[in-house]
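Structure, as structure tokens:
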Amino acid sequence: MNPISAAVIQTRLAAVHEQIAVACQRCGRDPASVDLVAVCKTASAAAVQQAAEAGQYLFGENRVQEAAWKQSQLPTMVPPLRWHLIGPLQRNKVKQALSLFDVIHSVDSLALAEEINRQRAQQSTAPMPVLIQVNIGREPQKHGLMPEAAMECITAMAQLPHIAIGGLMAIPPFHHDPEQVRPWFRQLADLSSQISSQAERLQLARVTMRQLSMGMSHDFTVAIEEGATLVRVGTAIFAPESLPPC
Ligand SMILES: *Cc1c(COP(=O)(O)O)cnc(C)c1O
């Protein structure tokens, strides 16, 4: 892996925070309502440590093994780092994932939710925070529930006592022009409010729909304007110095 200097990581993190602040100002949101998930799947443990030393404590990984290895390479940080799983999760990796991650963004089937519920019951009395991944653009190669299936599936998942459903996540169709992605972000936000009202009607205690995980390096400012509370930014922070960050 291509090393990046601590100074570059610090500068890029500051630039991303500045863009978050500007986007929030544009749409009248409090910047504290948006959390930056630094996606470190292409970064070394050393780069993660440098980001943490620059004040970044929330990281996203898309693979369980990679997170296990990277976490084992890192010293104990204060405050402790928080890790979100943003990639697909196989059922046989659930147990390990629960010991590595604070939130799983990629729950997209009842069977997976049931396995998380079962394993969590043996590890903790607190329910596991999860987000439900929606295939908002209905792309055949992508993971996630179809939008029209989300409500029914979440209603079923809400019966599982050891998971807490905190919101939705999506990876919309890619466009260089982030304005082309805006309608997908808006659809995810709309779906989230529909599910939220339904959850209230049905008094589903463990469904809150507070989080919207959407937006990556090239489109996170548009995602924020459409209501993102978790933006998953990798390249803009960790791209090798020989490449433009996005
Ligand atoms: C890699 C990845 C990201 C970050 O993408 P960048 O374009 O590098 O910012 C966000 N979300 C998911 C699910 C990813 O796999």
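Only residues that are in a loop (DSSP other than H, G, I, E, B), surrounded by 12 or more Cβ atoms within 10 Å (Cβ to Cβ) and more than 16 Å from the ligand (Cβ to nearest atom): list them for the stretch 22-49, please. Before you say what the answer is, go through the steps one by one.
At the first step, the residues of the stretch 22-49 found to be in a loop (DSSP other than H, G, I, E, B) are 28-30, 34, 40-44.
Narrowing further to those that are surrounded by 12 or more Cβ atoms within 10 Å (Cβ to Cβ): 29, 34, 40-44.
Scanning the stretch 22-49 gives a single hit, R29.
Among the residues of the stretch 90-116, write down those that are under 12 Å from L131 (Cα atoms), away from the ligand (no atom under 16 Å from the Cβ) and polar (S, T, N, Q).
The answer is S109, and nothing else.
Among (1) modelled with pLDDT of 95 or more; (2) outside any helix (DSSP H, G or I), which single condition is K95 missing?
Among (1) modelled with pLDDT of 95 or more; (2) outside any helix (DSSP H, G or I), the lone unmet condition for K95 is (2).
Criterion first (crowded, with 23+ Cβ neighbours inside 10 Å, modelled with pLDDT of 95 or more and not hydrophobic (A, V, I, L, M, F, W, C)) does G215 satisfy it? Walk me through how you get there before you give the answer.
Details: crowded, with 23+ Cβ neighbours inside 10 Å: yes; modelled with pLDDT of 95 or more: yes; not hydrophobic (A, V, I, L, M, F, W, C): yes.
It is true that G215 is crowded, with 23+ Cβ neighbours inside 10 Å, modelled with pLDDT of 95 or more and not hydrophobic (A, V, I, L, M, F, W, C).
Return the residues of the stretch 1-42 that are under 19 Å from H218 (Cβ atoms) and hydroxyl-bearing (S, T, Y); say none if nothing qualifies.
Residues satisfying the conditions are T11, T42.
Per-residue answers, yes or no, for (1) modelled with pLDDT of 95 or more; (2) assigned to a loop (DSSP other than H, G, I, E, B); (3) not polar (S, T, N, Q):
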position	(1), (2), (3)
G55	yes, yes, yes
M77	no, yes, yes
W83	yes, no, yes
Q122	yes, no, no
V130	yes, no, yes
A150	yes, no, yes
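The values are calculated or read from the model by the stated rules, or taken from the named source; none is laboratory data. Treat the numbers as computed from the prediction; the structure is a model and nothing was measured. Methodologically, a virtual Cβ is constructed for each residue, glycine included, from the backbone with ideal geometry; neighbour enumeration extends over all protein chains shown.
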